[in-house]
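Input: a single structure, listed below in structure tokens.
The values are calculated or read from the model by the stated rules, or taken from the named source; none is laboratory data. Here the structure is a predicted model, which means the values were calculated and not measured. Here the Cβ positions follow ideal geometry from the backbone for every residue, glycine too, while neighbour counts run over all protein chains shown. Keep in mind that these areas ignore ligands, DNA and RNA; they rest on the heavy atoms of the full protein, side chains included. Shrake-Rupley method; radii C 1.70, N 1.55, O 1.52, S 1.80 Å.
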Amino acid sequence: MPVGGMRSRSHFPEPELVYDVGTNYERSLSEFTARKYLPEDFMISFFMNVFGNLKKSVVLVAFLAVLGTVILFIRQQFLTGDELRYLLYATSFIRHLTLVMPVEEWSAVTLQAARFPSTTLPSGGNSAVVMNGVYLPVFLSPVAGLFSLAGLRFVTLLTGFFGLFRLFRMASGITGQNAALAATMIAALSLPLIAYLHVFYMEAFLFTFTVVSWERICYRDRNAGWKQDSLTAAILVAIPFIHMRGCVVAVFLSFLLLQKIWASNQKKRAVLISACAAAVGVVFILANLAVYGAITGPVNSARPPLPGEWFSVISMQLFNVRHGFFAYAPIWIIGYAGLLYGSLGKPVPLARQALILAVIAAFTGVGVNPGECWPARFWCLSLPMLTVGLAIWMRHARGLATWLAFLLLLLPTLLNTGLYFYDPNVFVENRQFSATWEILFRHLTSAFRPGYLLPVEDDDPADMLAAAYFTFASMAVILLCVGALRWRLMSLPVIGIFLAIADLSHVKLVPCSGEAGINEPHRLVVSPSPPIRAFSIMSGRPYESWFTPGQLHRFHVSVFSEAGKSMSWSIPANQVVTVSCNVPVRQMELRTDDFDLTDEVNYHIDFAISRSVLRRWFAARSCREL
């Protein structure tokens, strides 16, 4: 989207035909003839509506074809995490009609699929192997039998692309085709969806089934027949079988479908569909009990958070270094802003409905433990609603400052997309600090290291404070982006927040002497030269944690000033220790009784001087007495 030459009016003009909720995409021939259009009027209207829509659809199809080609021929993503078990279930079922095969046979399957022989079956807690969704792998087991992992991944890619195409059609009826096309292309190009388009996880299927069912409900004709409603209901009841995390979203969409059927004076059909859905629900519960021994099925280890955990879990899943949704695709902040804007004042069709669905998806679809996977896995369920919100926001955006704020949020999103194309597997290494932002820092940005600001996975006070700061900043950006659609100057604080984050991440790598004595493996001494006020120390392998998540080990930190004064305090940390003082620090000493620092320091140690103006203004209180 060009920046130069922006006028005050939107780049997405008013569409000639915007569909309201409850109408169809194309007016039928009978509607035109019933309104007694002249033949030439009919032809003009028909070609303007259908051919215009076809033109944008062709653009999207061409874009997806290019994207699919790139995804298929870039470096393949690792066979890891839950995908191993999904492949096991599908292959075992087609060969033995069971979910688990002998380990020797499994070793041959992994050797063929990923060029490594697995010596054990993919198990989780308590050595359980059947712990993930089995219904979709069983359904696609013929594909696994014929084409193994490559076939399953290709079906996933086609399913995701189909969902994107239907999402574009639905959004076009709300915002017009230009904004809908731009938002859909951003959804396809950005994390998290792009990472799950070509791995056999459930996310692309969950995304597509949600889009298709929602679209069919929103644009259901009042005179819809049995076949149309039955197909919509079948798609809805399939969502829990794909993954239980979509269960509550599916229930809400089911109520919307039944409400529309009832309002169409088709009460018998509504009752019958409800009865059939209830019967399928009973079958689903019985199947879960038989396969997993629990009604909740495979969500025991990745359960949605309880109400008391909502803030801690959701904030960490938005911002932590491994799975943070906004940490790697901040453009979706605008998606929430668009839904909120469309729900206020003169409502935009579907905006309030999408906002409710987005809230439900966030609080019931985001699990506590995403496991070994690419970023923001659980947020794929929210993407249909957020894409609609992004299209609404883009449709109503005005002014250079507003679009500048948009571009500032889009830039880091596309940087991570570019890194995904360069090496998709580097995102899997974001265990305890952001290896991806580290790569961008070393090879592209050279001065900005935002990965230092992100919380890690450990649930310690320092991480929760960082998550809280980012949460409040994001809420402020959402509200400001809503206000910017009415008062353009409100986009200026958004730019200010972005610049503040950039300033806090402004660092420079410098040489330093760091040593951990052989006789004192729990002590690390670092001496910056010359003495400096604010810095960060990182050592060890970026893909390995100092501690496993859940451990709250603390480090004893002592700093010494040039004047000989010292200050000591205790902090929780993992991989990165940050010190901020109002006077130059001559030496820092790090001690812990729980961890051997020798090997980590021998591997490598980074010493980064903070160049942040804000850090110099607001030095850490613990160092001020120096």
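The residue pairs whose first member lies in region 246-270 and is assigned to a helix (DSSP H, G or I), whose second member is open to solvent by 60 Å² or more (accessible area, probe 1.4 Å), and whose beta carbons are closer than 7 Å, counting only pairs six or more residues apart or on different chains, are R269/W226; A270/W262. Taking the condition small (G, A, S) and at pLDDT below 95, does S213 pass? Criteria not met by S213.
Of all residues assigned to region 197-215, none qualifies as being over 25 Å from R153 (Cβ atoms) and not in a helix (DSSP H, G or I). Of everything in region 74-96 that is among the aromatic types (F, W, Y) and under 16 Å from V155 (Cβ atoms), the residue that is surrounded by the fewest Cβ atoms within 10 Å (Cβ to Cβ) is F93. Within region 150-179, track down each residue that is within 17 Å of F200 (Cα to Cα) and among the hydroxyl-bearing types (S, T, Y). Selection gives T156, T159. So which residues in region 72-109 are under 22 Å from G160 (Cβ atoms) and among the basic types (K, R), if there are any at all? Across region 72-109, the qualifying residues are R75, R85. V129 falls short on exactly one of the conditions (1) β-branched (V, I, T); (2) assigned to a helix (DSSP H, G or I); (3) out of contact with any Phe, Trp or Tyr (no Cβ under 8 Å at 6 or more places or on another chain), and that condition is (2).
Applying the condition of being touching a strand residue (DSSP E or B) at 6+ places or on another chain (Cβ under 6 Å) and not in a helix (DSSP H, G or I) to region 449-504 and asking which residue is nearest to S570 (Cα to Cα) yields D460.
Residues are listed down the side, and each one gets a yes or a no for (1) assigned to a loop (DSSP other than H, G, I, E, B); (2) farther than 29 Å from R431 by Cβ:
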residue: V321; (1), (2): yes, no
residue: I333; (1), (2): no, no
residue: G367; (1), (2): yes, no
residue: A401; (1), (2): no, yes
residue: L410; (1), (2): no, no
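For region 290-341, residues that are open to solvent by 40 Å² or more (accessible area, probe 1.4 Å), free of Cβ contacts under 8 Å to residues at least 12 places away in the same chain and among the aliphatic types (A, V, I, L, M) total 3. Considering the conditions (1) buried (at least 19 other Cβ atoms within 10 Å of the Cβ); (2) modelled with pLDDT under 90; (3) outside the structural domain of D606 (by the TED database), P461 is excluded by exactly one of them, (1).
Residue by residue through region 222-245, note down the ones that are touching a residue at least 40 places away in the same chain (Cβ under 8 Å), assigned to a helix (DSSP H, G or I) and open to solvent by 30 Å² or more (accessible area, probe 1.4 Å). Correct list: W226, S230, V237, F241, M244.
For region 101-115: of the residues being outside any helix (DSSP H, G or I) and out of contact with any helix residue (DSSP H, G or I) (no Cβ under 6 Å at 6 or more places or on another chain), which is least open to solvent (accessible area, probe 1.4 Å)? Give the derivation first.
Taking region 101-115 and keeping what is outside any helix (DSSP H, G or I), we get 101-102, 115.
Now drop any that are not out of contact with any helix residue (DSSP H, G or I) (no Cβ under 6 Å at 6 or more places or on another chain), which leaves 102, 115.
Working: P102: 68, R115: 212 Å².
Checking each candidate, the answer is P102.
Residues that are more than 11 Å from L88 (Cβ to Cβ) and surrounded by fewer than 18 Cβ atoms within 10 Å (Cβ to Cβ) within region 121-137 comprise G124, G125, N126, S127, A128, listed in sequence order.
So which of R245, R220 ends up being closer than 22 Å to Y89 by Cα, basic (K, R), touching a helix residue (DSSP H, G or I) at 6+ places or on another chain (Cβ under 8 Å) and not assigned by the TED database to the domain that holds L350?
The unique qualifying residue is R245.
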